[in-house]
Amino acid sequence: MRQDPLSQKIDWISVLLFGALVLAGWLNIYAAEYDPEMDQSIFDFGTSAGRQLVWIAASALIAFGLFFFDYKFFDSFAYVIYGVLMVLLLLILVGGKEVAGSKSWVGIGGFGLQPSEFAKFATAFALARYLDHPTRKLENINTLGVSFAIILLPMALIVLQGDTGTALVFAALVIPMFREGMPPQILILAISIFAVFILTLLVSQTVLLAGIAIVTLLALGLNARNPKRLLYIVASAIIVTLAVRSVDFVLTEVLKPHQQKRVLSLVNPNIDPLGAGWNVTQSKIAIGSGGFAGKGFLEGTQTKFDFVPEQTTDFIFCTIGEEQGWVGSIFLLALFTTLLLRLAYLAERQKSTFSRIFGYAVVSIIFFHFTVNIAMTIGLFPVIGIPLPFFSYGGSSLWAFTILLFSFLKLDAHRMQVLQRW
């Protein structure tokens, strides 16, 4: 039977969306660093835009090369890839290069690579491989424990490197676990703990604990005839109460001083307006000044005069907001939303469990980066230093997201074939 060529199986919609985001990112990196008093070319390799162009070219080669891999490679070598990256993360703790307070870089000549970025797809591979077994169900406590261990190991190593923001991204991998049958109570509990943590910064602990007690008593009364549910309610109440009581410890003993200020600045932007609150304040000014249609490409005053630090990386979105306004911002959001919905559709149509889990992992990681990065720039989330996928300046991030996306597109191109390991 004649098989269609690979080019007809590739999801070109996703590829075009990837290309549009990368191109828009490159133009905005140029705009963020543009100095009208200097004769700067977008192709000048001494600038961020010029270097990004090199990394874009390399990412195109990576994407192209992945289509020549045997689609069974990702499943067959998932644990090997995961193991290699975990060893790299360990080695970084010993001999890594420190950048901006985070010892998470490997120096290669004049460039640096960040293994923690590549650990994302490695962990997604390992999780998909582990759960791709007919006897492993996430309702089982052992399966659940091993799955969380696969996720928590890189998180712990990256936290030890001083990069808490990147470590938090791995929490997004609970979404594919939820899709594969993880009890929803665990997800609800995790969201509740996060919400309680934020509320504890806004409300007195005494008031919050009283509210938890009232809600618990009501829940117990409504479920008095279900002993199993009663046990879950009591256990959840204890965990949430402990979360409330541990907030002060986390703030003072776990988070570094600059991280403490970033969290506190979320609830009180005026607590350190010239320090931890400066980036977000200037970012919101830049976005707000763009109005409906923006000031025009290379015309952003906040951008030109470098009011917003890290504008080519963590705060790249405010360049769009200032120069392209509401219209440009909505268009960018639409591009990301379309890509995420497309990838979710592709993930759901997979025939193999491995491909489906990995597909949802891709969606989850991109979604986490996208929502948190934009939420940071408009003051809805603490600044944790994670890039906007395909858009922000940086080779490690772009290459890691390229591998993440195109590995899945390669698997999708062979979704009708039986996935057998070597």
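The values are calculated or read from the model by the stated rules, or taken from the named source; none is laboratory data. Just so you know, these numbers come straight off a predicted model, no measurement behind them. Every residue, glycine among them, receives a Cβ derived from its backbone with ideal geometry; neighbour counts consider all protein chains shown. Ligands, DNA and RNA are stripped out before the accessible areas are found, and what is left, the full protein with its side chains, is counted by its heavy atoms. Shrake-Rupley method; radii C 1.70, N 1.55, O 1.52, S 1.80 Å.
Brief remarks on what is shown
- Some residue of segment 29-43 being open to solvent by less than 60 Å² (accessible area, probe 1.4 Å), under 18 Å from TYR393 (Cα atoms), among the hydrophobic types (A, V, I, L, M, F, W, C) and without any contact (Cβ under 8 Å) to a residue 24 or more places away in the chain: yes
- Contact map, segment 205-229: residues that are small (Gly, Ala, Ser) paired with residues that are not in a helix (DSSP H, G or I), Cβ distance under 9 Å, separation 6+ or inter-chain. Pairs shown: GLY211/VAL203.
- Inside segment 357-371, residues that are open to solvent by 10 Å² or more (accessible area, probe 1.4 Å) and in contact (Cβ under 8 Å) with a residue 12 or more places away in the chain make up a count of 5.
- Residues in segment 375-398 that are open to solvent by 10 Å² or more (accessible area, probe 1.4 Å), modelled with pLDDT of 90 or more and more than 14 Å from GLY25 (Cα to Cα): ALA375 alone.
- Candidates LYS103, LYS72, LYS97 - the one that is surrounded by 13 or more Cβ atoms within 10 Å (Cβ to Cβ), among the charged types (D, E, K, R) and under 22 Å from the mean Cα position of the chain (by Cα): LYS103
- Odd one out for VAL84, checked against (1) open to solvent by 70 Å² or more (accessible area, probe 1.4 Å); (2) closer than 17 Å to PHE354 by Cα: (2)
- Of all the residues in segment 177-230, those that are open to solvent by 50 Å² or more (accessible area, probe 1.4 Å) and either outside any helix (DSSP H, G or I) or polar (S, T, N, Q) (or both) number 7.
- Residue in segment 341-354 that is over 24 Å from LYS120 (Cα atoms) and either open to solvent by 10 Å² or more (accessible area, probe 1.4 Å) or over 13 Å from the mean Cα position of the chain (by Cα) (or both) present: no
- Residue in segment 314-335 that is in a loop (DSSP other than H, G, I, E, B), surrounded by fewer than 23 Cβ atoms within 10 Å (Cβ to Cβ) and modelled with pLDDT under 90 present: no
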